[in-house]
1. Between residue C:47 and residue B:150, what is the FRET efficiency for a Förster distance of 56 Å, r being their Cβ-Cβ separation, to the nearest 0.05?
2. Roughly what would the spin-label model give for residue B:174 and residue B:20, points 7 Å off Cα along C-beta, in nm?
3. If each residue's Cβ is checked for other Cβ atoms within 10 Å, how do C:183, A:110 rank with the fewest at the top?
4. Taking every residue in B:145-152, how many Cβ atoms of other protein chains lie within 10 Å of its Cβ, on average?
5. Using alpha-carbon positions, what is the distance between the centroids of segment A:45-112 and segment B:136-151, in Å?
6. Taking θ as phi - 60°, what are the ³J(HN,Hα) couplings along segment C:86-97 by the Karplus curve (6.51, -1.76, 1.60), each to the nearest whole Hz, with x for Gly and Pro?
7. If I take every Cα pair under 8 Å that is 6 or more residues apart in segment B:1-56, average their sequence separation and divide by the length, what percent do I get for the relative contact order?
8. How would C:196, A:6, B:22, B:44 line up from fewest to most surrounding beta-carbon atoms within 10 angstrom?
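Each reported figure results from applying straightforward, stated rules to the coordinates on display, with no laboratory input. For clarity, every value in this text was computed on a predicted model and none was experimentally measured. Here Cβ is always computed from backbone atoms with ideal geometry, including for glycine, and neighbour counts include all displayed protein chains.
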Amino acid sequence: MVFTRFVEVGRVCMINYGKDKGKLATIVDIVDGNKCLIDGCNTGVARQIITFRRIALTDLTCEIGRGARAACIKAAWKKGGVAEAWAKSSWAKKLAAKAVRGNLSDFDRFKVMVARKQKSKIVAAKVKSM
Amino acid sequence: MTVCGPMKQYQVVGRKAPTEAFPNPEAYRMIIFAPNMVIARSKFWYFMQQFRKMKKTTGEILDINEIVEKNRNQVKNYGIWLRYDSRSGTHNMYREYRDLNLCGAITQLYDEMAGRHRTRPRSIQIIRTSTIATADVKRPNTLQFVGKGLKFPLPHRTDSAKRGNKALSDQTFTVGRPTTCFR
Amino acid sequence: MTRSFVATGGPKKAAKTVAAKGKSARMYPADDVAVPMKSRKGTRAPTKVRASITPGTVVILLSGRFRGKRAVCLKILDSGLLLVSGPYKVNGIPLKRVNQAYVIATSTKVDVSGVKVPATVNDAYFAQATSNSVKSEDKFFDNERKAAIVSDQRKADQKAVDDGLMKVVTKEPMLKQYLNAKFSLTKNDRPHNMKF
């Protein structure tokens, strides 16, 4: 197995626990084998030390120096097009779809149910004819 | 971290209570690490008793305030010289920690001393602390994390919260098997 | 301080003289004057209906024989009960009163400004008529089932309301089918996390 995501300075990660759950942040420095310093100046996450258990590494990185300040990270994100790349990723799309589904009203859920029935009907007919 | 919370840095100033014979006794300033002011004052008198002939009943605290580190945005290397009483004797020690501020490093120290040596906070005395330049780091564990171009994968771990559930560590029982392999 | 004791009639009379003269009595009545307890009847505050329910809100009924069905709230009656209608034509729910506690309010709203609810449709309208003509004993042995007789007045009122309501309901696509469908929870539905 080849690893593609590493804990390294500039790695973009997603917080998966606590009040910043679901937000992106950038690894700015590595503290020790369990913790790293992250900065989420682009997403409203305070600069803080966080354990690796509470983050998930993404495929994205940005070019910053060790211990970079917020302004540098912002510039690096802009230069690397991190926000756009993230929005394009299937991970982000899945999260967005999940959020949309979670906010559906009762009527919307009914409409989805009807649409799904229609879809499966078409699929079933097609499968039968094959 | 003790039950009172993480450690803080206090500057305590105290002196002997003035008498008619000595209307203006000398004041002493000490930097104390303690989780709160009450413990900081108590520690001040503990150390003061050892250095000078004065104690709480015959002295007074003139001033106590918390020292907050200015730069809490960068990870720094901290070296801590300490002395502690083990079950069989007293030892001197030098330890290194990486943290954003000194108080964080001191908190780590108290935690580690408790874990590795079963040392209680009362038997630890901090002698000296200082930030250390990357070139001067001595301990191999710290050296690992100060090098340039450091990177490593996270091959095996449990997620702190899976599928919108509570963190695994907060649950007594769970129906979901934890995922331990992440890319 | 000296006190002069004046013979007065009794506790009631003493209280009366106090009220007439506007002064405190010189004599304190030995016995307590019985004052009837204040009735708490009739002082009840009008029921507050939660903000999510307004005329036009589609609600999910949770109890009774229409449980699980969706209906349109037309009005909030003076008693605090909600006046709902299916409409009857769509899902069989007639003009009916329901308690707001047995209802889930959805965020779906129907414009009911054009629906005219007859003024006679109020709490009294729904009160059950008690008939004394049939003796209870006879009633008990009368096991024959009789179809409920719905008065022409009710039918007319239902029609009046439904006509207005159907105009709005048919305008919005899928809404008619939605009102006709029953609400239910399936696997992995977590009602406390759902938005209605």
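1. Details: r = 66 Å, r/R0 = 1.19.
Calculated value: 0.25.
2. So the two model labels end up 7.4 nm from each other.
3. Numbers: C:183 18, A:110 21.
Placing the least packed residue first, the sequence is C:183, A:110.
4. Working: counts 7, 2, 1, 2, 3, 7, 11, 6.
The shielding value for this peptide is 5.
5. Distance between centres, Cα-based: 30 Å.
6. x, x, 3, 5, 7, 10, x, 8, x, 4, 7, 9
7. Numbers: 66 pairs, mean separation 18.8, N = 56.
Worked out over segment B:1-56, it gives 34 percent.
8. Working: C:196 18, A:6 14, B:22 11, B:44 25.
Arranged by neighbour count, lowest to highest, C:196, A:6, B:22, B:44 become B:22, A:6, C:196, B:44.
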